[in-house]
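S.K.: The structure that follows is given in the form of structure tokens.
The values are calculated or read from the model by the stated rules, or taken from the named source; none is laboratory data. This one's a predicted model, so the numbers in the text were calculated from it and none came from an experiment. Here the Cβ positions follow ideal geometry from the backbone for every residue, glycine too, while neighbour counts run over all protein chains shown.
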Amino acid sequence: MSARDRIREYFEKNIGKVINTREIREVAGINDYARRIRELRDEEGMQIKTHIDRSDLKPGEYLLESLVRLPVIARNVSPQLRMDILERNGFTCQLCGAGAGDRDPWNPNRKIRLHIDHIIPLSQGGLNTKENLRVVCSACNQAKSNIQPPSESARNILIRIRRMPRSVKKEIYEALKRSFSD
Ligand SMILES: [Zn+2]
């Protein structure tokens, strides 16, 4: 059993419970457990959350929220291909227009990250070709997996607003704020 297997098993046994680095280091038997956790998240789609994702967690604490796996993004896409796709798509999500570092509209504690997404999933015969790859942000990717789905109409409106100039966004924001002030 590899360190990664042991960490995976430990998380799955302690689903919904806060786990700290001391426990993980003990289970894994290695110091480089952080990389293994990243692999479980990025390569296996495990929903292991940290203080970056949830304000109720402290640094060094982890929590597996659910056994449901998120769709895995960009496996086997080389750094060069990834950069080509990012450049082609203007470093913006092709579903909503968000850029890296924008605030996640569904989770204010989190910033948007950009992923490379397969238009036709690998599991359905899609290929790692430029034609089959696009930039999708972490919020849209999560919505795709139906974990925290925002309503369809809210999403459609947000997509349009995000593509507008900042000054127009601000006008919309101010108008909405006024309409809620009572
Ligand atoms: Zn998006």
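S.K.: Which ones in the range 119-134 are closer than 22 Å to Gln47 by Cβ and in contact (Cβ under 8 Å) with a residue 24 or more places away in the chain?
M.R.: Pro121, Leu122, listed by residue number.
S.K.: Among the residues of the range 45-99, which ones are loosely packed, with under 14 Cβ neighbours inside 10 Å and either at pLDDT below 85 or closer than 17 Å to Thr21 by Cα (or both)?
M.R.: Passing the criteria: Ile52, Asp56, Lys58, Pro59, Gly60, Val68, Arg69, Arg75, Asn76, Ser78, Pro79.
S.K.: Which condition breaks for Arg8 when tested against (1) assigned by TED's automatic domain parsing to the domain that holds Lys111; (2) in contact with a helix residue (DSSP H, G or I) (Cβ under 9 Å, 6 or more places away or on another chain)?
M.R.: (1)
S.K.: In a strand (DSSP E or B) and not assigned by TED's automatic domain parsing to the domain that holds Asn156: does that describe Ile19?
M.R.: Yes, satisfied.
S.K.: Out of all the residues in the range 105-140, which are within 16 Å of the ligand (Cβ to nearest atom) and of a type in the set (A, V, I, L, M, F, W, C)?
M.R.: Within the range 105-140, Trp106, Ile112, Leu114, Ile116, Ile119, Leu133, Val135, Val136, Cys137, Ala139, Cys140 qualify.
S.K.: Further question: Report yes if some residue within the range 55-72 is away from the ligand (no atom under 16 Å from the Cβ), in contact with a helix residue (DSSP H, G or I) (Cβ under 7 Å, 6 or more places away or on another chain) and either closer than 28 Å to Arg166 by Cα or among the small types (Gly, Ala, Ser) (or both); otherwise report no.
M.R.: yes
Let's see how each residue does on (1) of a type in the set (D, E, K, R); (2) under 19 Å from the mean Cα position of the chain (by Cα):
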| residue | (1), (2) |
| --- | --- |
| Ala3 | no, no |
| Arg6 | yes, no |
| Asn14 | no, no |
| Lys17 | yes, no |
| Arg22 | yes, no |
| Gly29 | no, no |
| Asp32 | yes, no |
| Arg35 | yes, yes |
| Leu40 | no, yes |
